[in-house]
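The values are calculated or read from the model by the stated rules, or taken from the named source; none is laboratory data. Treat the numbers as computed from the prediction; the structure is a model and nothing was measured. Here the Cβ positions follow ideal geometry from the backbone for every residue, glycine too, while neighbour counts run over all protein chains shown. The protein model used for the area step is the full one, side chains on, heavy atoms only, and it has no ligands, DNA or RNA in it. Shrake-Rupley method; radii C 1.70, N 1.55, O 1.52, S 1.80 Å.
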Amino acid sequence: MSIEIEVSPELHATAARLLREAGFELLQISGRTIVLAQGEASAAYSALAQLEAEAATDQFKSAKAEALSEAQRSAVELREGIAGSATLQRAIAWAVKMPYAMMWMAHEAAGADPTGPFAAIAAIARDAFQIEADITGETAEDVRDRALTMNADLFKATQRVEGMERLAETQIAAAETPEALGDAVSQIGALEAQIVTTLEQLND
């Protein structure tokens, strides 16, 4: 006596294979209906339930891998965007300015004692920042503070990307349900949007 069972269209090929491996003889496949030569319908449905569970697991693993890959790709692009907000030569110049600006500020914070440990470096910093200030019409303090701000903004932007990528690596790996994965992807997407806004500001 033949039996008929219903399967979803995307499982036709694998359903037929699994049923054959389980010892069922297939007579016909028509649309969503598979006709078996003999056997219990409950056993056939049990075999298909196993197949669907395996397929769902595989799809979820693929979705997690794809989500992580996308987050990592985005992190690379954002880092490139941050790096591209200044030429290499200008970025090096900012890096050189940073310790001088910090020494000057530390000297001021210590009361600008002319015999203090940072006095000599602070004097060099003031003179050097004044060179640029004379050209731009600013004060040496303006130039110093801008250098500090730019370095801080670049550092913060880089750290946001680092945090986003690390969050993706942990949250996506920890997701055990599609809902949890969706929440992780949404959270990562929100962070990415914040970083893009910061990057736009850097490039203004």
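Values for this structure:
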{"read-out": "Qualifying residue in the stretch 189-203 (condition: touching a Gly at 6+ places or on another chain (Cβ under 6 Å), within 22 Å of Gly84 (Cβ to Cβ) and in a helix (DSSP H, G or I))", "value": "yes"}
{"read-out": "Glu132 vs. criteria assigned by the TED database to the domain that holds Ala184, under 40 Å from the mean Cα position of the chain (by Cα) and not in a helix (DSSP H, G or I)", "value": "no"}
{"read-out": "Flag for Asp145 being open to solvent by 50 Å² or more (accessible area, probe 1.4 Å), out of contact with any strand residue (DSSP E or B) (no Cβ under 7 Å at 6 or more places or on another chain) and farther than 26 Å from Gly81 by Cβ", "value": "no"}
{"read-out": "Arg73 being closer than 29 Å to Asp58 by Cα and surrounded by fewer than 16 Cβ atoms within 10 Å (Cβ to Cβ)", "value": "yes"}
{"read-out": "Every pair of residues 6+ apart whose Cβ atoms lie under 6 Å, when the first sits in the stretch 86-109 and is open to solvent by 40 Å² or more (accessible area, probe 1.4 Å) while the second is not in a helix (DSSP H, G or I)", "value": "Met103/Phe118"}
{"read-out": "Search result, residues across the stretch 120-140 that are crowded, with 16+ Cβ neighbours inside 10 Å and over 16 Å from Val96 (Cα atoms)", "value": "Ala133, Glu138"}
{"read-out": "Cβ pairs under 6 Å, 6+ apart, first in the stretch 186-204 and open to solvent by less than 60 Å² (accessible area, probe 1.4 Å) and at pLDDT below 90, second of a type in the set (Gly, Ala, Ser) and in a helix (DSSP H, G or I)", "value": "Thr198/Ala157; Leu199/Gly81"}
